[in-house]
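The values are calculated or read from the model by the stated rules, or taken from the named source; none is laboratory data. All figures in this text were calculated on a predicted structure; none of them were measured in a lab. Please note: Cβ atoms are built from the backbone with ideal geometry, for glycine as well, and neighbour counts cover all protein chains shown. These area figures cover heavy atoms from the full protein model, side chains too; ligands, DNA and RNA do not enter into them. Shrake-Rupley method; radii C 1.70, N 1.55, O 1.52, S 1.80 Å.
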Number of protein chains: 2
Amino acid sequence: MVTIKDVAKEAGVSVATVSRVLNENGYVGVDTKKKVLQAIAKLNYSPNEVARSLYKRRSRLIGLLLPDITNPFFPQLARGVEDEVSEAGFRLLLGNSDENVQKELDYIQTFAQNNVVGMISATSHVDYGIYDALNLPLVLLDRISDEYPAVYADGEEGGRLAAETLVEKGAKQITVMKGPSHIKPAQDRYRGAVEALNRSEASYTVMSTTSFSFEDAKGWAEELFAKYPETDAVIASNDMVAIAILHEALQLGKRIPEDLQIIGYDDIPQCSLSYPTLSTVRQPAYEMGRQAARLLMKTINKEQEIEKSIQLPVQLIERNTTRKG
Amino acid sequence: MVTIKDVAKEAGVSVATVSRVLNENGYVGVDTKKKVLQAIAKLNYSPNEVARSLYKRRSRLIGLLLPDITNPFFPQLARGVEDEVSEAGFRLLLGNSDENVQKELDYIQTFAQNNVVGMISATSHVDYGIYDALNLPLVLLDRISDEYPAVYADGEEGGRLAAETLVEKGAKQITVMKGPSHIKPAQDRYRGAVEALNRSEASYTVMSTTSFSFEDAKGWAEELFAKYPETDAVIASNDMVAIAILHEALQLGKRIPEDLQIIGYDDIPQCSLSYPTLSTVRQPAYEMGRQAARLLMKTINKEQEIEKSIQLPVQLIERNTTRKG
């Protein structure tokens, strides 16, 4: 690997000088700067996009804003975005808004001020108009809006699959956990589930939850069994909540899936390591991230005929929290 | 909340103009710019640090580089850093190096080029000298080096605690999983465990693992039971690996903790949701993040008497993968 020392040696300057050129801080004479940039080019000190963008005089930074990196679903999205962006020679800056609108606003402006050439957002407050002043290509990820291009999975189909599977496997009293009302994909999956249940003979109750966060998941699980002890099947709002419910049910001595069936949502890696392993509706997180990045690149490159939005399919993954056959 | 529209109205300009001022792109006349900045100040359009830093003409950005955001331990570190940094009026940019030295190098330079005022790194390649050219305050997190200030937990004590607990609880044939050799805290905990085992009567075998990643964890678990079927206790290299081992053991029909005891490392949130719940050595991740941010702030503010490094205590958390009493 070519190092900064090799560059310094080639240019006949100190490492500190090369560093000043790369970081654009401190004075460097024009001739010296030229020597350094030539050395970088000659040695192909690369795939370092920073040096390359110094040549081209434009940033190759993309901003990605996530709502909660402690939910493993979002790091998976990020990996997809990162791989695509990095193959295209761009770098990714991550922000974690923690579902907080002020943090979200701060990150938007931080990204803009740092000259990102585009932005991908998976956060929750798109409808507040806080992206309107942003004069940059924007793609929404795992979110839906009328105003911006978006990549998301088919929530209605996901909800429907979960409900129909449980009914088919003999569930009689289903509790549907309704996700936060300001997150449209969560509402889609809720609506899909309820519409399927309305077509069936099963009884069901709806339990509202106001967040997806891991810290709250244990609370939702306790509330569920306290309020609805007759429940024999749960459509959880996401996998984190489903795993908390599974844990609580085992503590209460319930047999899984005989006494209680559970279906999660997302298919985070932890689903296949829980015991019993968790049946869930799989969203193709990594692929969603890749597609969002691809859509953003097309917008940045001003390509013709860009998709307005991309909906990806979901899939029911049967593991051991649902009955066989 | 004061919005960008309020600012535009107060300044008598368009939202696009305010946006150009905030983002420093496009032409804005000096008088107009002044009006916008005055409107921002008058309306206290804030806690928006971007606007504030435009006044002060210095960035208030901190860069945080993580090795693997899909391991829940690192998002917890990030939360600690983020809360501390944000209380101090700074913003955090995250990078995920994926344990890849080239990505790490790219992020270092991306951060530097975007004028971060300091950097925190929890990545693995500190010893390669790639931070040397960085003319910025740097604090290492969950990593140790002779050259840079660092915040980490007491690995040796952690390893010792795990080993002594298993011996005390009757383990006869212990497998110690040795983490990646270039990560010093992993080596510390390994050494602590082995030294304690050498003082005991228990037999043990050492199994080398070259990564901490979730994708590899299942492989390590399978290898463990294939190679060392006599194992009655495992000191896992981290919780992700421990949860994979727990899962594999249950698949093989082992009773936990009667046939096999397991102790993890980190205490990620998932430990208390596995079944049985996972005994582990707790690293105070959130507090480590906070302390690293505090140490970095002190360095940035050039305070006197700054700690060279901070070691935090670890704690054994007994749950249900170790025997009682």
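One table, with the values for the structure above:
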quantity: Residue check for A:Lys184: open to solvent by 30 Å² or more (accessible area, probe 1.4 Å), within 16 Å of A:Ile262 (Cα to Cα) and in contact (Cβ under 8 Å) with a residue 12 or more places away in the chain; calculated: no
quantity: Near pairs, Cβ below 8 angstrom, 6+ apart or cross-chain, from the range A:89-117 (outside the structural domain of A:Ile69 (by TED's automatic domain parsing)) to any residue that is part of a strand (DSSP E or B); calculated: none
quantity: Residue in the range A:80-104 that is least open to solvent (accessible area, probe 1.4 Å), counting only those that are within 7 Å of chain B (Cβ to nearest Cβ) and in a helix (DSSP H, G or I); calculated: A:Glu82
quantity: Any hit, the range A:166-182, residues being under 15 Å from the mean Cα position of the chain (by Cα) and away from every other protein chain (no Cβ under 14 Å); calculated: no
quantity: Residue check for B:Phe74: under 20 Å from B:Tyr265 (Cα atoms), among the aromatic types (Phe, Trp, Tyr) and more than 8 Å from chain A (Cβ to nearest Cβ); calculated: yes
quantity: Residue check for B:Arg143: assigned to a loop (DSSP other than H, G, I, E, B) and either outside the structural domain of B:Pro269 (by TED's automatic domain parsing) or under 17 Å from the mean Cα position of the chain (by Cα) (or both); calculated: yes
quantity: Residue tally, condition touching a Phe, Trp or Tyr at 6+ places or on another chain (Cβ under 6 Å) and modelled with pLDDT under 85, over the range B:71-119; calculated: 0
quantity: Selection count, the range B:1-39, where residues are assigned to a loop (DSSP other than H, G, I, E, B), away from every other protein chain (no Cβ under 13 Å) and modelled with pLDDT of 85 or more; calculated: 1
quantity: Those residues of the range B:108-119 which are facing chain A (nearest Cβ under 7 Å) and either assigned to a loop (DSSP other than H, G, I, E, B) or of a type outside the set (A, V, I, L, M) (or both), in sequence order; calculated: B:Gln109, B:Thr110, B:Gln113, B:Asn114
quantity: Test for B:Gln270: is it farther than 19 Å from B:Ile174 by Cβ, polar (S, T, N, Q) and within 14 Å of chain A (Cβ to nearest Cβ); calculated: yes
quantity: Residue match in the range A:122-129 (condition: in contact (Cβ under 8 Å) with a residue 60 or more places away in the chain, open to solvent by less than 20 Å² (accessible area, probe 1.4 Å) and more than 13 Å from every other protein chain (Cβ to nearest Cβ)); calculated: no
